[in-house]
1. Tell me yes or no: at least one residue of the range 86-108 is more than 13 Å from residue 16 (Cα to Cα) and without any contact (Cβ under 8 Å) to a residue 24 or more places away in the chain.
2. From (1) surrounded by 13 or more Cβ atoms within 10 Å (Cβ to Cβ); (2) in a loop (DSSP other than H, G, I, E, B), pick out the condition that doesn't hold for residue 88.
3. How many residues are touching a helix residue (DSSP H, G or I) at 6+ places or on another chain (Cβ under 9 Å) and either surrounded by fewer than 13 Cβ atoms within 10 Å (Cβ to Cβ) or part of a helix (DSSP H, G or I) (or both) when one looks only at the range 55-76?
4. Listed residues 75, 46, 58; which is in contact (Cβ under 8 Å) with a residue 12 or more places away in the chain and over 25 Å from residue 26 (Cβ atoms)?
5. What is the number of the single condition among (1) assigned to a helix (DSSP H, G or I); (2) under 10 Å from the mean Cα position of the chain (by Cα) that residue 51 does not meet?
6. Under 22 Å from residue 14 (Cβ atoms) and more than 10 Å from the chain's Cα centre (by Cα): does that describe residue 84?
7. Which one is nearest to residue 84 (Cα to Cα), of the residues in the range 6-39 that are assigned to a loop (DSSP other than H, G, I, E, B) and modelled with pLDDT of 90 or more?
């Protein structure tokens, strides 16, 4: 289940919070993982993203930062993450250029 690549929507894309909530309802008892692509200003963006993930209750699984400051990461959600807090915090970190929601069938909450 993918919420899509927001890069096709435009630079001002926001997190698909309503779609993620529906995915949680459609797949009860399954853990979700999110892949996010963020256009940021490097270290400040990375710090803001880390703060947003921590405040939302998400676990960082993988992290990649490239020379231009863009951030790519995977986040694990046990179903209790505060998606609204994440959406607010990510805005401070940079511009979302891509988002994918994965339903993990090998792992249960």
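1. Yes - at least one qualifying residue is present in the range 86-108.
2. (2)
3. Number satisfying all stated conditions: 2.
4. Residue meeting the stated conditions: 46.
5. Answer for residue 51: the failing condition is (2).
6. Taking the combined requirement at face value, the residue satisfies it.
7. Filtering first and then ranking leaves 16.
The values are calculated or read from the model by the stated rules, or taken from the named source; none is laboratory data. These numbers come from a predicted model, not from an experiment. When we count neighbours, we look across all protein chains shown, and the Cβ atoms used for this are built from the backbone with ideal geometry, even at glycine.
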